[in-house]
1. Only residues that are within 10 Å of the ligand (Cβ to nearest atom), open to solvent by less than 10 Å² (accessible area, probe 1.4 Å) and assigned to a strand (DSSP E or B): list them for segment 65-82, please.
2. Which condition number does PRO23 fail, the rest of (1) within 14 Å of the ligand (Cβ to nearest atom); (2) open to solvent by 50 Å² or more (accessible area, probe 1.4 Å); (3) under 17 Å from the mean Cα position of the chain (by Cα) being met?
3. What do you reckon, is GLU11 within 12 Å of the ligand (Cβ to nearest atom), among the charged types (D, E, K, R) and in a strand (DSSP E or B)?
4. Have a look at ARG98, ARG177, ARG115, ARG103 and point out the one that is of a type outside the set (Ser, Thr, Tyr), over 30 Å from THR20 (Cβ atoms) and touching a Ser or Thr at 6+ places or on another chain (Cβ under 7 Å).
5. Tell me, which residue of segment 149-184 that is out of contact with any helix residue (DSSP H, G or I) (no Cβ under 8 Å at 6 or more places or on another chain) and of a type in the set (D, E, K, R) is farthest from TRP121 (Cα to Cα)?
6. Go through (1) at pLDDT below 95; (2) buried (at least 16 other Cβ atoms within 10 Å of the Cβ); (3) more than 10 Å from the ligand (Cβ to nearest atom) for MET1 and report which single condition fails.
7. Take segment 42-64 and flag every residue that is assigned to a helix (DSSP H, G or I) and either touching a residue at least 60 places away in the same chain (Cβ under 8 Å) or within 10 Å of the ligand (Cβ to nearest atom) (or both).
8. Considering only segment 147-194, how many residues are of a type in the set (Val, Ile, Thr) and more than 18 Å from SER49 (Cβ to Cβ)?
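The values are calculated or read from the model by the stated rules, or taken from the named source; none is laboratory data. This is a predicted model, so every value here is computed, not measured. Every residue, glycine as well, gets a Cβ built from its backbone with ideal geometry; the counts of neighbours run over all protein chains shown. Side chains are part of the model used for accessible areas, which takes the heavy atoms of the whole protein and leaves out ligands, DNA and RNA. Shrake-Rupley method; radii C 1.70, N 1.55, O 1.52, S 1.80 Å.
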Amino acid sequence: MNSWEVLEREEVEFLGSTWTLLPGVYPMQRVRSSRFFWERLQELGPVESFLEIGCGSGALSVLGVKAGTYRSATAVDINPTAVENTLLNARRHGVESRVEVRRSDVFASLDEGQRFDLIFWNSPGVFLEEGATLTDHERSVFDPGYVAHTRYLSEGSTYLTENGRLTLGFCGNGDLRLLEQKAADAGLTMKTLAEDDQGSHPHWLLEFRH
Ligand SMILES: C[S@@+](CC[C@H](N)C(=O)[O-])C[C@H]1O[C@@H](n2cnc3c(N)ncnc32)[C@H](O)[C@@H]1O
């Protein structure tokens, strides 16, 4: 799709350590977003339990557990290669007993009754017409019809602990007004916790509350 698509297995440096990156998985070391969200998420911890939707390489969950910001993390992705990739990186960094990894379409594979103090998704914020067929790599960038975002917003609160927080990492190539409308439709207000305006397009760390 573009020059930053991962075509073969790589060993890469990200935030001071080495990570495995598998084909089609979001290359966190080549973009601004993963680093920005990692830094800003640290300010929301420490918490007991972290749920990362769309974990990609798993770097944010693995680093957060390693740093002690999260006692445990559940990391899910719709892309099976991202699931495999996160398992590899959790083992590589010695935190596999505290990072549970699953394949899931947003919250679909979570157990009933599971609750988290912090839920986050560095989401594929670029809007496409509903029904478009995507490769694994494209699914890191596009969400046709904002179907997955709509589910994230409407179902997310169900998985929060009493004082838990539902957050989203969103990019300036996405439709922020449409996202806010989807949040309102789900009975949520949207607040900007942090903004990165240094790159080619901005990124926002957003929080949604009833
Ligand atoms: C922008 S990437 C973020 C990857 C990683 N969290 C990071 O920050 O480096 C978005 C991720 O969301 C995943 N994704 C897309 N649609 C999804 C869905 N419906 N359910 C779960 N994950 C999804 C993609 O496969 C991709 O790994």
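1. Those that are within 10 Å of the ligand (Cβ to nearest atom), open to solvent by less than 10 Å² (accessible area, probe 1.4 Å) and assigned to a strand (DSSP E or B): ALA75, VAL76.
2. Result: PRO23 fails condition (3) only.
3. no
4. ARG115
5. Ranking the candidates gives GLU162 first.
6. If we test MET1 against (1) at pLDDT below 95; (2) buried (at least 16 other Cβ atoms within 10 Å of the Cβ); (3) more than 10 Å from the ligand (Cβ to nearest atom), just (2) comes out false.
7. ALA59, LEU60, SER61
8. Residues that pass the stated criteria total 4.
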